[in-house]
Amino acid sequence: MRDTLIQASYLLASVLFILGLRSLTRPDRARRGMQQAAVGMLFAIVGTLLNHTIVDYRWIAGGLVLGVIIGYPMGQWVPMTAMPQRIALSLTFSALAATLVGIAEYHTEIAAGVVPEHTRMLALGFEIMLGSITVGGTIIAAGKLQEWLTSKPVTYPGQNVVNGAIFLGVIGLFVYSIVNPSAQWAFYSMIGASLIFGILLVMPIGGADMPVVVALLNSYSGLASCATGFAIGNVILIISGSLDGASGFILSILMSKAMNRSFTNVLFGAFGSETAAIGAKSSAGMTVRSISVEDAAIQLAYAQLVIVIPGYGMAVAQAQHAVRELAELIEKRGGEVKFAVHPVAGRMPGHMNVLLAEANVPYDKLYDMDEINSEFDRADVALVIGANDVVNPAARNDKASPIYGMPILNADHAKSVIVLKRGMAAGFAGIENELFYDKRTSMLFGDAKTSLTGLITEIKNV
Amino acid sequence: MNLLELYVFVLAAFVGYMVISRVPPLLHTPLMAATNAISGISLVGSLIAAGSARDQVATILGFIAVIAATSNIVGGFLITDRMLRMFKSGSDTKAGPR
């Protein structure tokens with residue numbers, strides 16, 4: 001009877017999780033659906049507490065209370081701008097939980113003098129290997145996103161050889177512990193080696209490649225929970241783990257496609273290092289045209305259609321509220337404003353959308369690349385705010401460029417382009433951007449937020 | 001490990017792929033937060049490890065795992081809700097009290 005109740009709570013939770021994720025296909029239904037998923041989670045937890053094997057509730061109660069104390073601020077008080085590192089850190093937590101449960105299972109059996117079966121070791125091995133790699137990788141990713149560590153790629157000669165050797169070591173220990181389940185040294189060394197591998201894997205990856213890495217680590221952490229389910233024979237862990245894994249997998253594919261690069265290239269390419277810039281066109285002999293705030297304001301004030309292209313620079317300058325104010329002002333004067341969001345703009349999938357939604361920009365004004373690219377031809381102004389590589393025409397016409405083939409926003413098709421930029425530094429990929437030297441482009445140098453505030457004041461005076 | 005679990009895995013992965021590939025890029029960040037919250041379900045395994053009183057080490061590891069998983073559940077669902085609350089359509093923002 002009790003077991004039936006437990007299984008029923010798991011079934012209900014699984015259904016509510018799937019419906020919750022399904023609700024995310026529509027922004028107007030998403031909130032309700034996810035609240036139902038949270039109720040499903042509650043059922044699953046209560047169901048588990050009925051389990052026969054649980055005899056001591058003291059540690060559980062303490063853990064739950066501490067978890068709520070840590071989790072509440074992480075959910076309620078973390079600012080939206082810190083979302084990428086917040087997501088990376090929560091991946092650390094979920095992978096850590098999976099890894100620790102795996103170690104606890106192994107330790108319990110060994111301490112009781114039982115040698116785990118080979119198939120069980122396979123599940124435990126996967127759980128702990130993927131879990132530890134994710135813990136190591138996501139800690140570094142979170143550190144880079146928070147800028148505690150340099151967000152530049154950290155490279156040294158022979159790096160791929162070292163990483164490859166450690167990876168082979170991890171696989172070797174993994175296979176060895178499956179064949180010899182009682183070899184504790186192999187099992188515990190695998191944990192250490194996987195952690196180090198995770199750390200070294202993410203160290204050489206630069207800030208702009210983070211969307212792919214975070215998505216990929218998300219799918220690892222999902223697979224680790226899935227393996228936990230196999231190891232302890234729990235179906236709801238398998239289901240939720242697969243959902244998590246599938247989501248990470250889909251997002252990593254979408255992100256790599258949006259950069260026209262393979263996983264291997266992202267993980268082992270160390271984009272943005274010296275070698276990547278070779279072959280790109282140099283800027284010698286080209287001049288940029290800078291524009292005053294007053295002139296830019298006049299262009300914007302009389303434009304029929306303005307397409308705003310936000311990039312990571314907008315997030316850094318915290319300029320999303322000023323952007324919304326500018327857009328409202330242009331609309332009040334009779335112009336139309338649309339936002340073009342490139343899939344890899346920012347530091348994680350959907351980063352720009354969240355920031356603009358926070359600033360109260362209605363989501364029906366936010367357009368994906370495919371939806372908006374044909375509209376640039378009739379745009380009077382393309383307003384580029386802190387974006388660079390995603391509007392670089394070299395991706396279309398310079399075969400020597402490292403970003404050749406990457407799908408870009410057609411900002412260069414607009415009648416005129418205004419670029420808000422701090423200075424003439426090259427983008428993340430270290431490539432010159434021809435768009436900035438185009439005769440239809442004018443550059444408005446300075447901090448994005450200050451420039452936007454200036455534009456707002458000037459447009460009011462036009 | 002038995003074959004039935006493998007069935008569940010394959011079917012769940014399939015359902016996950018079908019459902020999640022239809023989530024628009026607009027909601028990709030909330031999607032990541034949501035799947036993070038859901039992956040807090042590893043709490044189920046952590047609770048059993050922390051409460052079985054089979055082995056001192058396992059209890060402590062389970063205890064830490066309970067903390068990590070619970071904070072993911074609480075923080076994950078809260079932040080997902082906070083984000084989804086911000087996404088408003090044009091008609092919402094006009095009608096809303098701003």
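The values are calculated or read from the model by the stated rules, or taken from the named source; none is laboratory data. Quick caveat: nothing in here was measured; it's all calculated off a predicted structure. Cβ: placed from backbone, ideal geometry, glycine included. Neighbour counts: every protein chain shown.
For this structure, a couple of remarks:
- For the residues A:A296, A:A327, A:A340, the requirement of being under 19 Å from the mean Cα position of the chain (by Cα), surrounded by 18 or more Cβ atoms within 10 Å (Cβ to Cβ) and not hydroxyl-bearing (S, T, Y) singles out A:A340.
- Hits in region A:46-87 (condition: under 30 Å from B:A53 (Cα atoms), modelled with pLDDT under 90 and at the interface with chain B (Cβ under 9 Å from one of its Cβ atoms)): A:N51, A:T53, A:I54, A:V55, A:D56
- Residue check, A:M121 at the interface with another protein chain (Cβ under 7 Å from one of its Cβ atoms) and not acidic (D, E): no
- Residue check for A:S94: within 29 Å of A:R347 (Cβ to Cβ), more than 7 Å from chain B (Cβ to nearest Cβ) and of a type outside the set (A, V, I, L, M): no
- The set of residues in region B:36-66 that are more than 7 Å from every other protein chain (Cβ to nearest Cβ) and in contact (Cβ under 8 Å) with a residue 12 or more places away in the chain contains only B:A37.
- For region B:9-23, the tally of residues that are at the interface with chain A (Cβ under 7 Å from one of its Cβ atoms) and closer than 15 Å to A:L24 by Cβ stands at 8.
- Screening region A:298-360 for helices (runs of 4 or more DSSP H) wholly inside it with 1 or more residues that are hydroxyl-bearing (S, T, Y) returns the ranges A:312-317.
- Contact annotation: residue pairs with Cβ atoms under 9 Å, 6 or more positions apart or on different chains, pairing a residue in region A:231-257 that is without any contact (Cβ under 8 Å) to a residue 40 or more places away in the chain with a partner that is of a type in the set (A, V, I, L, M) and outside any helix (DSSP H, G or I), are A:G233/B:M1; A:I250/B:V23.
- Just so you know, in region A:98-122 the residues that are without any contact (Cβ under 8 Å) to a residue 60 or more places away in the chain and buried (at least 22 other Cβ atoms within 10 Å of the Cβ) include one that is farthest from the chain's Cα centre (by Cα), and it is A:A104.
- Flag for A:Y363 being in contact with a helix residue (DSSP H, G or I) (Cβ under 6 Å, 6 or more places away or on another chain), touching a residue at least 40 places away in the same chain (Cβ under 8 Å) and not acidic (D, E): yes
- Restricting region A:397-429 to residues that are surrounded by fewer than 23 Cβ atoms within 10 Å (Cβ to Cβ) and more than 25 Å from A:Y367 (Cβ to Cβ), the residue that is modelled with the lowest pLDDT: A:A426
- Residue selection: A:R32 fails the criterion of being surrounded by fewer than 16 Cβ atoms within 10 Å (Cβ to Cβ) and either within 7 Å of chain B (Cβ to nearest Cβ) or in contact (Cβ under 8 Å) with a residue 40 or more places away in the chain (or both).
- Residue match in region A:129-151 (condition: part of a helix (DSSP H, G or I) and among the acidic types (D, E)): no
- Exactly one residue out of A:S256, A:S247 is in a helix (DSSP H, G or I), surrounded by 21 or more Cβ atoms within 10 Å (Cβ to Cβ), at pLDDT 90 or above and assigned by TED's automatic domain parsing to the domain that holds A:L217: that is A:S247.
- In the set A:A44, A:A37, only one residue is crowded, with 21+ Cβ neighbours inside 10 Å and free of Cβ contacts under 8 Å to residues at least 60 places away in the same chain; that residue is A:A37.
- Positions within region A:1-56 being touching a helix residue (DSSP H, G or I) at 6+ places or on another chain (Cβ under 9 Å), among the basic types (K, R) and either under 20 Å from A:N234 (Cα atoms) or outside any helix (DSSP H, G or I) (or both), in sequence order: A:R26
- Residue count, region A:366-387 (criterion: crowded, with 18+ Cβ neighbours inside 10 Å and facing chain B (nearest Cβ under 7 Å)): 1
- Residue check for B:A69: touching a residue at least 12 places away in the same chain (Cβ under 8 Å), more than 7 Å from chain A (Cβ to nearest Cβ) and touching a Phe, Trp or Tyr at 6+ places or on another chain (Cβ under 9 Å): no
- Only a single item in (1) more than 8 Å from chain B (Cβ to nearest Cβ); (2) outside any helix (DSSP H, G or I) is not met by A:I110, and it is number (2).
- For region A:218-238, the tally of residues that are polar (S, T, N, Q) and more than 7 Å from every other protein chain (Cβ to nearest Cβ) stands at 1.
- Checking each residue in region A:170-227 for being under 20 Å from A:I103 (Cα atoms), part of a helix (DSSP H, G or I), without any contact (Cβ under 8 Å) to a residue 60 or more places away in the chain and not small (G, A, S) picks out A:V170, A:I171, A:L173, A:F174, A:V175, A:Y176, A:W185, A:Y188, A:C226.
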